[in-house]
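Asker: For reference, the structure I am asking about is given below.
The values are calculated or read from the model by the stated rules, or taken from the named source; none is laboratory data. Remember, predicted model here, so these are calculated numbers, not experimental data. Cβ sites come from the backbone with ideal geometry, for glycine too, and all protein chains shown count toward neighbours.
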Amino acid sequence: MTQTRTDASRTLVCSVLFLDIAGYSQRAVTEQIRIKDRFNEVLANSLAGLEARDRVVIDTGDGAAIAFLDDPERALFAALAIFDNCGELSVRMGINLGPVYLSKDINGQDNVIGDGINVAQRVMSFANAGELLVSRSYYEVVLLLSGEYATMFHAKTAQTDKHNRVHEVYAVSQAVRVGRRVAEAQAKLRAQRRPAAASAALRGATVSDAGSHFIVSGPSRESVETELARFAAEGAKVISAPGQVGAKWMATFENRRAAARVSVEKLGMKTVVTAATREAVEAKVNELVSFGARVDHPIEDIGGTWTAVLDEGF
């Protein structure tokens, strides 16, 4: 994925994004090939909007290193785009701003070496799967570009590498990526419901998702009651008993799985609460308010996800 350039070799300061695939080395060879193909696809899609002359991509085997030669913010934007595109692919990332030497490798392809890329790799090594960490040098520079970045990062405990070099690192707030995770959770929930809906259809009844509750409909009272009994055995609460509506029998029961999926994320001094239903968000907001939080932005539907914002007071 490296790009050929005509620039002369030189030393410069740039931002470097280093990332790898978590658990890659423990996979079977055939699985490694499949995962790496998917990784390359994600990387290509995430960098599609960048000019080749503005970055250098180096394949590291189980991941990649990307040197951004112009705007330091591009490293952050690219990392978030990768998270948006990676789906079930588990990656971890680190960003550093430092000096690198731009040259050609033995095959005549672009290559970067130096402390800038070495530190980026070490910062990444401190990250967990699904986490993005940045070095102090990178954090301080982007903070000068916009004060709004202060709410995107939170400091973590300083880390010491194998050379006894101490690194101050900052994690990108999970709330920055809340939309991506909510979308993934909803997709998984829909996938979980498909087998239940299919089995219901075989018995003559269908189950429809109405967000905060499910609707069971069937040609007879018995078919609807069979479905209600099955979900009641799992702990679901019946909202309305079977009743005849036209030629069909219908009933409703609560969507416990949707109600249970509530995301609570820190964003600076704010707390963002999201869920698939208003009831789930409202319950969590009331809980946090009881601990001293204050509602900063009331509950509203944003792009199909119910969201509320609180001031941190607990």
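Asker: Tell me which residues, restricted to the stretch 10-31, are of a type in the set (S, T, N, Q) and without any contact (Cβ under 8 Å) to a residue 12 or more places away in the chain. Don't jump to the end; show me each part of the working.
Answerer: We begin by selecting, within the stretch 10-31, every residue of a type in the set (S, T, N, Q); these are 11, 15, 25-26, 30.
Correct list: Q26, T30.
Asker: Further question: Quick check: is even one residue across the stretch 180-189 polar (S, T, N, Q) and at pLDDT 50 or above?
Answerer: The answer is no, given that none of the residues of the stretch 180-189 is polar (S, T, N, Q) and at pLDDT 50 or above.
Asker: Which of the residues belonging to the stretch 105-155 are crowded, with 18+ Cβ neighbours inside 10 Å, among the hydrophobic types (A, V, I, L, M, F, W, C) and more than 16 Å from A64 (Cβ to Cβ)?
Answerer: V119, F126, L133, V134, V142, M152, F153
Asker: Hey, S25 hits all of (1) part of a helix (DSSP H, G or I); (2) of a type in the set (G, A, S); (3) at pLDDT 85 or above but one; which does it fall short on?
Answerer: All conditions are met except number (3).
Asker: Kindly indicate whether R34 is surrounded by fewer than 17 Cβ atoms within 10 Å (Cβ to Cβ), assigned to a helix (DSSP H, G or I) and out of contact with any Gly (no Cβ under 9 Å at 6 or more places or on another chain). Steps first, answer last, please.
Answerer: Details: surrounded by fewer than 17 Cβ atoms within 10 Å (Cβ to Cβ): yes; assigned to a helix (DSSP H, G or I): yes; out of contact with any Gly (no Cβ under 9 Å at 6 or more places or on another chain): yes.
Yes; evaluated as a whole, the condition is true for this residue.
Asker: Follow-up question, since we're still on this one. Tell me the residue from A52, A48, A28, A44 that is under 25 Å from V119 (Cβ atoms) and either of a type in the set (G, A, S) or more than 21 Å from the chain's Cα centre (by Cα) (or both), please.
Answerer: Working: A48 fails: under 25 Å from V119 (Cβ atoms); A28 fails: under 25 Å from V119 (Cβ atoms); A44 fails: under 25 Å from V119 (Cβ atoms).
Result: A52 is the single residue among A52, A48, A28, A44 that is under 25 Å from V119 (Cβ atoms) and either of a type in the set (G, A, S) or more than 21 Å from the chain's Cα centre (by Cα) (or both).
Asker: Counting only residues that are modelled with pLDDT of 80 or more and hydroxyl-bearing (S, T, Y), which one in the stretch 264-296 is surrounded by the most Cβ atoms within 10 Å (Cβ to Cβ)?
Answerer: It comes out as T274.
Asker: While we're looking at this one, here's another question. How many residues, within the stretch 125-175, are in a helix (DSSP H, G or I), within 24 Å of V272 (Cα to Cα) and touching a helix residue (DSSP H, G or I) at 6+ places or on another chain (Cβ under 7 Å)? Give the steps one after another, and end with the answer.
Answerer: Step one: of the stretch 125-175, the residues in a helix (DSSP H, G or I) are 125, 136-145, 147-151, 174-175.
Restricting the remaining residues to those that are within 24 Å of V272 (Cα to Cα) gives 139, 142-143, 147-151, 174-175.
Pick out the ones that are also touching a helix residue (DSSP H, G or I) at 6+ places or on another chain (Cβ under 7 Å) and you get 142-143, 149-150.
Adding up the residues that qualify gives 4.
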